[in-house]
Amino acid sequence: MLMPPPRGIPRPAATPVPPRAAAVIVAPPPVDGVGDLTGRAHARYSVGVRLVIHPRSPCAAMNTLRALAALLALWSAAIPAAAFAQPAYPAEQRARDSTEALAAFRGNIGAIHARDRATYLTYYLQSPRLVRTGPGGVNWGYEGMTTGDPNAWPDTLVATHFEVVPVAPGVVYGAYRYRVVQGGSQRGVSERVLVRQPDGTWKIAVSTAFGSPGDAPVPAFALTGATVIDGTGAAPIRKATVVMRNGRIACVGECPVGPDVHAIDARGKWIIPGLIDAHMHYSQTGWADGRPDAEDVRARFPYDSTVAALEADPERFFRSYLCAGVTGTFDVGGYPWTWALRRRAEASNAAPHVAAAGPLLSTLDHWVNTPAQRQFVYIHNDSSTRAAARMVAHYESDAVKVWYLVKATSPDTAGYKVLLRTAAEEARRAGIPLIVHATDLWAARDAVSAGARLLVHSVEDVPVDDEFLRLAREAGTIYTPTLTVYDGYRQLYERRFDDTGLAMECVDPATRAKAMLTDSLPPRNLPPTFGARFERRRQVTADNLRRVHAAGIPVAMGTDAGNPLTLHGASVYREMEAMAAAGLSPMDVLVASTRNAAMAMGRDSIGTLRPGMAADLVVLDADPLADVRNLRSVRLVARGGEVWTRRELEW
């Protein structure tokens, strides 16, 4: 069962998961979509108990052995000896006991999802011999269950991999895997011993729950009967199965589903690789407080405090990205602490993959820094450029990023062209790519000539020419158009926040509240040509994207999220829809947002659905090739094989 309430991704203790008022059953009946996600076809009974001890965790192994010994003792205490005295246990009776006990087992879990306390209690043996045990110890008797907080339900309970084992007439052992969120997230195994009563009902006599070791693998899942679009541009695979095992894609297409795999009925659904935002910034908030150079709100939101909060709690943005179906992010410029997010994200299936470029090498001596750290490192001569590039390389950065803000007619342009090549030389020496922010045609041409592997913005001043297209094609440069970021700036300056097209349910409450302050900011004097200038830029960037794509230059999707009103996670749909409006087909947009974006990140293990790739995928309710807007119809998100429902990822 994968039926959690919508609250769910764990966050630090300082921002506990808020409780939900009521449970919501996410999954529809099988005929409507993903099915009930209960693994009915794979709920089975067997004739023995399999004990699995994680080999890398001796403490967990010892705890498991102790738990098994305790469970055997509890069985003998809770179950009448007469239950084991019958010599014959025919196969038909074993099957009937298993079926009936499994139904009661599922009913017990279903009552938790429904937050129905009265029904939940009916599944337990109303006797002093009832035993409940877990990491906190053993509790005896039914009476203790009837006391305590009646609303103490988990925020999320995901129950999968149900198995039952008939051990004696009228006695069935059962187990399932769980992921529970209640102020924090924990995976584990929960067990039941169910006993048939004289009236034919089944009651739980023993209940246990034990958390899995932190490095325990995610259990295996399969999505069956879906249409798979693998991210390579190949034709969709109809009625396909995707098997995920040990965090990797094990099979795509016609796949056997092993007995250890929990199958999810995905008929009538579409499966795509996890989306990737190849241009974003964790050092920015998505509003003016993260970019005081755009709008100075430091009197109310001190900048150093804003940056400290960003560093302390990136998990809010991690959740926003997963909610939007984004399982990979490329931070193309920020404070040094963004490098540490890579390891932090890789250690959690509740976060997208992170690549990070670290501080930008800037041709402008920009002031948006903190006293302790710089995100903009000013380069003005050979030594400052080499020192900055070597510093970035020392921290094993995923790229050297140059903020190339130079006009063609500036008196120091020739000198900065040399410094760009100096940075490129240092990047080559370190074996990492050069990425460049260059928005004028001459600067983009110069960046490609210097060896830029990735351009993170469109050419936006004039139409691209044949020389640029030839240079970019020959160099294998990836082009990230970043079409919609200026819409956020325009809304900020015009004091009108428009959430049309934004997945606001994926935006954390603090960011949402700040975005709503936009309209109340003091008016700003704007020139009469303000709107026309934005519209011209929009047209030029759309036309240039169309020409670049037609020339065979790889295009990657990126939003520049973190900039004012380009909100983390929620903005990907606007960007993909703008790319489609510019002339790219839905398949082209999907490839740009998966395989090509993974190329931009420098990751060859994500971005497509092939055996051996990371098990990062999105299950959609509607066909994204019929309309790119259907990429919004996220039902499930898998990151590293861990399956999340969209509802539990929402705020």
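The values are calculated or read from the model by the stated rules, or taken from the named source; none is laboratory data. Small disclaimer: the values here were computed from a predicted structure and weren't measured. No Cβ is skipped: glycine too gets one built from the backbone with ideal geometry, and neighbour counts run over all protein chains shown. To get the accessible areas, we keep the full protein, side chains included, count just its heavy atoms, and leave off ligands, DNA and RNA. Shrake-Rupley method; radii C 1.70, N 1.55, O 1.52, S 1.80 Å.
Put a dot 7 Å past each Cα toward the Cβ at residue 516 and residue 532; how far apart are the dots in nm?
Here the modelled spin labels are 3.8 nm apart.
Counting residues in the stretch 228-368 as N, plug N into 2.2 N^0.38 Å and put the Cα Rg over that result. Walk me through the numbers on the way to the answer.
Working: Rg = 19.7 Å, N = 141, 2.2 N^0.38 = 14.4 Å.
It is 1.37.
Which of the peptides 251-261, 339-349, 555-565, 521-531 is most tightly packed, and how do the rest follow, going by the mean number of other Cβ atoms within 10 Å of each residue? Can you show the working numbers first?
Values: 251-261: 14.8, 339-349: 16.4, 555-565: 27.0, 521-531: 9.5.
Ranked from most to least packed, the peptides come out as 555-565, 339-349, 251-261, 521-531.
Once the piece of chain linking residue 605 and residue 466 is laid out straight, how much longer is it, given 0.36 nm per residue of separation minus the C-alpha distance between them?
Working: separation 139, 0.36 × 139 = 50.04 nm, distance 3.37 nm.
Between residue 605 and residue 466, full extension yields an extra 46.7 nm.
Once both axes come from the Cα atoms, what is the angle between helix 572-581 and the longest principal axis of the chain, in degrees from 0 to 90, rounded to 10?
Result, in degrees: 60.
Could you work out, for the stretch 502-551, what percent of all Cα-Cα pairs fall into each 10 Å distance bin, beginning at 0 Å and stopping at the bin that holds the largest distance?
It works out to 19, 23, 33, 23, 2, in whole percents.
First obtain the Kirkwood hydrodynamic radius of the stretch 300-412 from its Cα pairs, then insert it into the Stokes-Einstein equation at 20 °C and 1.002 mPa s, and state the resulting D in µm² per second as a whole number. Kindly include the intermediate steps, with their values, before the conclusion.
Values: Rh = 15.4 Å.
Rounded to a whole number, D works out at 139 µm²/s.
Given N residues in the stretch 205-259, what is Rg(Cα) / (2.2 N^0.38 Å)?
On the way: Rg = 15.6 Å, N = 55, 2.2 N^0.38 = 10.1 Å.
Against the empirical 2.2 N^0.38 Å value, I get 1.55 for the stretch 205-259.
So, in Å, what gap is there between the alpha-carbon centers of the stretch 517-595 and the stretch 149-196?
47
Evaluate the stretch 382-451: find the radius of gyration of its Cα atoms, find its Kirkwood radius, and give the ratio Rg to Rh.
Working: Rg = 11.6 Å, Rh = 12.1 Å.
With Rh from the inverse mean 1/r over Cα pairs, Rg/Rh is 0.96.
Relative to the longest principal axis of the chain, what angle (0 to 90°, nearest 10) does the C-alpha long axis of helix 466-475 take?
Roughly 50 degrees, rounded to the nearest 10.
Compute, for the chain, the length of the dipole vector about the Cα centre, with Cβ point charges of +1 (Lys, Arg) and -1 (Asp, Glu) only. Units Debye, rounded to 20. Walk me through the intermediate numbers first.
Working: 70 positive and 64 negative charges, 254 e Å.
Computed charge dipole of the chain: roughly 1220 debye.
Rounded to the nearest 500, what is the chain's calculated 222 nm mean residue ellipticity when only DSSP H runs of at least 4 contribute -39500 (n - 2.57) each, over all residues? Don't jump to the answer; show the numbers that get you there.
Values: 17 runs with 195 residues, N = 651.
Mean residue ellipticity, 222 nm, calculated: -9000 deg cm²/dmol.
Sorted by mean Cβ packing within 10 Å, highest first, what order do the peptides 431-437, 279-285, 120-126 take? All intermediate terms of the calculation are to be shown ahead of the outcome.
Values: 431-437: 22.1, 279-285: 27.1, 120-126: 17.1.
Highest-to-lowest ranking by the protection proxy: 279-285, 431-437, 120-126.
What distance in nm lies between label points placed 7 Å from Cα along the C-beta direction at residue 343 and residue 143?
A separation of 5.3 nm, rounded to one decimal place.
At 0.36 nm per residue, minus the direct Cα-Cα distance, what do residue 246 and residue 210 gain on full extension? Give it in nm, one decimal, please. It would help to have the intermediate numbers written out before the result.
Working: separation 36, 0.36 × 36 = 12.96 nm, distance 2.03 nm.
Difference between extended and current length: 10.9 nm.
In terms of the Cα gyration tensor, with a ≥ b ≥ c the square roots of its eigenvalues, is the stretch 495-643 rounded because a/c is under 1.5, prolate because a/b exceeds b/c, or oblate?
On the way: a/c = 2.22, a/b = 1.37, b/c = 1.62.
Oblate, since a/c reaches 1.5 and b/c is not below a/b.
Give me Rg over Rh for the stretch 174-295, both radii from the alpha carbons and Rh done the Kirkwood way, two decimal places. Present the calculation step by step, with values, prior to reporting the outcome.
Numbers: Rg = 21.7 Å, Rh = 18.8 Å.
Result for the stretch 174-295 is an Rg/Rh of 1.16.
Kirkwood Rh, the chain, all Cα pairs: how many Å? Each step should come with its number before you reach the end.
Working: mean 1/r = 0.0374 Å⁻¹.
Its Kirkwood hydrodynamic radius stands at 26.8 Å.
What full-extension length gain, to one decimal in nm, is calculated for residue 500 and residue 152 as 0.36 nm per residue of separation minus the Cα-Cα distance?
Numbers: separation 348, 0.36 × 348 = 125.28 nm, distance 3.67 nm.
Length gained, residue 500 through residue 152: 121.6 nm.
Excluding ligands, DNA and RNA, what is the solvent-accessible area per residue of the chain at a probe of 1.4 Å, expressed in Å²?
Working: 25430 Å² over 651 residues.
Counting only protein heavy atoms, the per-residue value for the chain is 39 Å².
Could you check how much of the accessible area of the stretch 135-213 is carbon and sulfur, as a whole percent, using a 1.4 Å probe?
49
In the stretch 292-380, carbon and sulfur make up what percent of the accessible area (probe 1.4 Å)?
Whole-percent figure for carbon plus sulfur exposure: 53.
When the accessible area of the stretch 428-580 is computed with all protein chains present and a 1.4 Å probe, what percentage of it is carbon and sulfur? Don't jump to the answer; show the numbers that get you there.
On the way: 2990 of 5710 Å².
That fraction is 52 percent.
For a quick protection proxy, order the peptides 571-584, 303-316 by their average other-Cβ count within 10 Å, most packed first.
Details: 571-584: 22.6, 303-316: 18.0.
Top to bottom by mean Cβ count within 10 Å: 571-584, 303-316.
Pairing the Cα long axis of helix 485-494 with the longest principal axis of the chain, what angle in degrees results, from 0 to 90 and rounded to the nearest 10?
Relative to the chain, helix 485-494 is tipped by roughly 80 degrees.
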